[in-house]
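Below: one structure, written as structure tokens.
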Amino acid sequence: MPHPLANASESQKQYGNADSFAMAFDDAWRLQISQPELQSLSRSESLERILAQLEDHPFAQKDAATAREVGEFRLRLHGV
């Protein structure tokens, strides 16, 4: 089964930095909120789901703790 973000990430190169991770996180967030069955997830569930989707991102592999912090920050920016 193809990765749910395959189409979004094909148009963007992924780099091992926080900016690249934030862009990928936002893509995953937009995809998640576009799916009615996922809109009821809690903040924590949303974060865990997106981080799991992005576990292969170069930044997440290099610094998982900071990637989590970036994800938490992005959710706050999205009002979650």
Only one of these conditions is not met by residue 4: (1) more than 9 Å from the chain's Cα centre (by Cα); (2) modelled with pLDDT of 95 or more. Which number is it?
-> (2)
Can you name the residue in the stretch 29-60 that is without any contact (Cβ under 8 Å) to a residue 40 or more places away in the chain and of a type in the set (S, T, N, Q) and, of all such residues, is farthest from residue 15 (Cα to Cα)?
-> 40
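The values are calculated or read from the model by the stated rules, or taken from the named source; none is laboratory data. Only a predicted model underlies this, so the values are computations on that prediction, with no experimental measurement involved. Cβ coordinates were reconstructed from backbone atoms using ideal geometry, including for glycine residues, and neighbour counts include every protein chain displayed.
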